[in-house]
Amino acid sequence: MAWVKWDKVCEPKAYGGMGFRDLKAFNRLNKAGGSIKAGILLSIVYKSKYFPDDDFIHAKKGHHPSFAWRSIWVAQSLISDNVKWQVRNADSILSIPLSTILPADELVWTAAANGKFSVKSAYHLARSGKGKERGESSDPSLMKRFWQKLWRAKIPTKVRAFGWKACQNILPTKMNLFHRQVLEDPICDECGLEPKTVIHVLCQCSKAREVWNLCHLQHLIEGKGDFADMLWKCSVDLNKESNMLDMVLMIAWTQETPTQTRSNSPGSDKWTPPPTGWYKVNIDGVVFSKHKWTGIGVIARDDQDRVVAAMSKRMLVPLGALEIEAKALEVAAGFARDLDIQKVVFESDSLLVCSAIQGVTEPPTTIANIISGTTQHMQQLHQVEIQHTWREGNKAAHGLAQHAQYVDDYVTWMEEAPTMIEDVIASDVIQLVQN
């Protein structure tokens, strides 16, 4: 699926493009350059056929021109507009300083400092001309500095490319897929309140806001506008803090990173069974902002991919995204204890909660008590491991958490797959067989 026109991608990075070379235009200019340089075989052939008594700048297209000549002739206006005569022997033009040797006048290329034609300079001139046709901002120098800051950010190239896509609004969000008639519903799965646009998924969704708050950068996402406006504000208002733009791009990238870019990151993008003799308990929590409820989903499977038990629980408390993820893990630990399963791998898609339980990072104060309670529950089990997974590997628990909005308190299933996630469980098994 093409998200942006090729012509836009070919624009220089400093003008909002990606700097790809338009090879068709470049080859045309290359041939045109060869046709006007004296002594080159190509120039001799075209001159003898199409302009034997003139030069390339004044050549006519002709009545039955070849395809190659038509392609070259298209570049004639660009070249003719950017050459001028360098007068060296004109006594009548007293204002021009003349050489005492008085050599012959000659045409010079104004787009290069040395006056010599080059395909590279002609190509950049042609691209800048297209920019003028599209129109420019009131102060193009500011936009140029903005794009230069983005592409010079000291972060991985894939994150800079992600930032460019976000600014151009060409990320495959539900809203963009809805506009292209790929999806029927543009509403965000996380909050269920607003369309999943670029700015929503990166900044305005409840989970995204939780991350920005924890980073003490919530002031950046306040106000209206798209992601480009937010990044512009960051680059202009915070230009003295040289690493701020880098930090903002990295945080935004973590909000909506495609599966293929996570292959070298901690966590898995698909569900995998636990070691022999162990059980895996997947957990997820969701926020129902409209009703000020929260939902928890828990599913336990054995090393043969069989469902041992599952739970869908609704809580009538307005917790934040991070708090409900932590609470879901605490509920799951108690659920595992009640099931009397002793060797358990707990798997969550909240990296912050997993890191806090493992002791890798200090838990935020908002979940410190929950983490402490969860640890006490887990101490009653024989062996425990904590793993992080991406959303793609936690779909079953997420489906149960979403189902919690239809539950009065909680509901459990024993040794059977809940009907609302049967397809997800089957998909997990099929992926294991295929791999």
For Lys224, are the conditions met, namely being under 17 Å from the mean Cα position of the chain (by Cα) and among the charged types (D, E, K, R)?
no
Residues of the range 320-366 being assigned to a loop (DSSP other than H, G, I, E, B), closer than 20 Å to Gly295 by Cβ and more than 29 Å from the chain's Cα centre (by Cα), in sequence order, are Thr366
Which one is nearest to Asp284 (Cα to Cα), of the residues in the range 166-181 that are touching a residue at least 60 places away in the same chain (Cβ under 8 Å) and surrounded by fewer than 17 Cβ atoms within 10 Å (Cβ to Cβ)?
Pro172
Out of (1) part of a helix (DSSP H, G or I); (2) touching a residue at least 12 places away in the same chain (Cβ under 8 Å), the odd one out for Cys191 is which?
(1)
Quick check on the range 404-422. Is at least one of its residues buried (at least 19 other Cβ atoms within 10 Å of the Cβ), touching a Ser or Thr at 6+ places or on another chain (Cβ under 8 Å) and either in a helix (DSSP H, G or I) or in the same structural domain as Val308 (by TED's automatic domain parsing) (or both)?
yes
Test result for Ala309, modelled with pLDDT of 90 or more and assigned to a helix (DSSP H, G or I):
no
Taking the range 319-346 and keeping only residues that are in contact with a Lys or Arg (Cβ under 6 Å, 6 or more places away or on another chain) and modelled with pLDDT of 90 or more, one is left with Val345
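Residue by residue, here is whether (1) touching a Ser or Thr at 6+ places or on another chain (Cβ under 9 Å); (2) crowded, with 18+ Cβ neighbours inside 10 Å holds:
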site: Ala309; (1), (2): yes, yes
site: Ser312; (1), (2): yes, yes
site: Leu319; (1), (2): yes, yes
site: Glu330; (1), (2): yes, yes
site: Glu347; (1), (2): yes, yes
site: Leu351; (1), (2): yes, yes
site: Ser355; (1), (2): yes, no
site: Thr366; (1), (2): no, no
site: Ile371; (1), (2): no, yes
Could you list all residues from the range 308-366 that are more than 18 Å from Gly393 (Cα to Cα) and among the aromatic types (Phe, Trp, Tyr)?
Phe335
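The values are calculated or read from the model by the stated rules, or taken from the named source; none is laboratory data. Remember, it's a predicted structure, so these values are computed and weren't measured experimentally. Positions of Cβ are generated from backbone atoms using ideal geometry, with glycine treated the same way; all protein chains shown enter the neighbour counts.
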